[in-house]
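The values are calculated or read from the model by the stated rules, or taken from the named source; none is laboratory data. Keep in mind it's a predicted model, so treat the numbers as computed, not measured. FYI the Cβ positions are ideal-geometry reconstructions off the backbone, even for glycines, and counts take in every protein chain you see.
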Amino acid sequence: MSQQSPTLHPGLSDDALDVVFRTARTHNGWLDKPVSDETLHALYDLMKWGPTSANSSPARFLFLQTKAAKERLRPALAPGNLKKTMSAPVTVIVAYDLRFYEKLPKLAPHNPGFRDLFANNAELAEVTAKRNSTLQGAYLIIAARALGLDCGPMSGFDNAKVDVEFFEAGVERAGMCEEYVPGTIKSKFLCNIGHGDPAVVRPRAPRLDFSEVCHLL
């Protein structure tokens, strides 16, 4: 009996790879072009499929769109990140939920013990939340580029100020869902999203070669 060969998924075209990686840039200036709520929903619905440990999905995303929301962020920004962030159509606070394990009965029904594993080990929960929320932040950038958006990720801000302002307040002030527990969500990094202004893009910085960072065993 002949066996069928496994189906191989075709790779993306060179044009698509250019959009997502090779010609994509970190943007510091933005065109006056809004990003719709529908686009942000589509962005999340794409990036959520990226893998995380135990399907934990610990990242939480706060999309700052209004002038009032941006003003709340202003005091936490480093001076060099102020102008580009205040002018961006959307600034995403990429954060992680230390109580992500409460969602595991839904996310990992195949292993009912996952919830208690993390709930009973705060150190493991924190390490898992930090690592996997960083992964999800990267998925966010890739998904945004795939949808025709530009990104400007950055870490030049005061995490403690952001956490107090956005995540240690009541539900209404934080803009989070009713299941949100104040103080259990921590900011990781920021990412401006919109349509980048090509007139203010700096020359691309070099990258390391394969031989400098990779080894084949």
Please work out which residue is farthest from Tyr44 (Cα to Cα), limiting yourself to region 193-205 and to residues that are assigned to a loop (DSSP other than H, G, I, E, B) and at pLDDT 95 or above. Asp197
Among the listed residues Leu190, Leu216, Leu208, which satisfies the condition of being modelled with pLDDT of 95 or more and under 21 Å from Leu40 (Cβ atoms)? Leu190
Subset of region 148-158 (residues that are crowded, with 16+ Cβ neighbours inside 10 Å and out of contact with any His (no Cβ under 8 Å at 6 or more places or on another chain)): Pro153, Met154, Phe157
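Closer than 13 Å to Lys186 by Cβ, crowded, with 22+ Cβ neighbours inside 10 Å and either in contact with a Leu (Cβ under 8 Å, 6 or more places away or on another chain) or among the basic types (Lys, Arg) (or both), is that true of Phe118? Walk me through how you get there before you give the answer.
Details: closer than 13 Å to Lys186 by Cβ: no; crowded, with 22+ Cβ neighbours inside 10 Å: yes; either in contact with a Leu (Cβ under 8 Å, 6 or more places away or on another chain) or among the basic types (Lys, Arg) (or both): yes.
No; evaluated as a whole, the condition is false for this residue.
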So which residues in region 179-217 are over 30 Å from Lys83 (Cα atoms), surrounded by 12 or more Cβ atoms within 10 Å (Cβ to Cβ) and of a type outside the set (Phe, Trp, Tyr)? Val181
From the list Thr85, Thr134, Thr39, which residue is of a type in the set (Ser, Thr, Tyr), within 13 Å of the chain's Cα centre (by Cα), closer than 24 Å to Val19 by Cα and surrounded by 14 or more Cβ atoms within 10 Å (Cβ to Cβ)? Thr134
Of all residues in region 137-183 being more than 15 Å from the chain's Cα centre (by Cα) and basic (Lys, Arg), the one that is modelled with the lowest pLDDT: Arg173
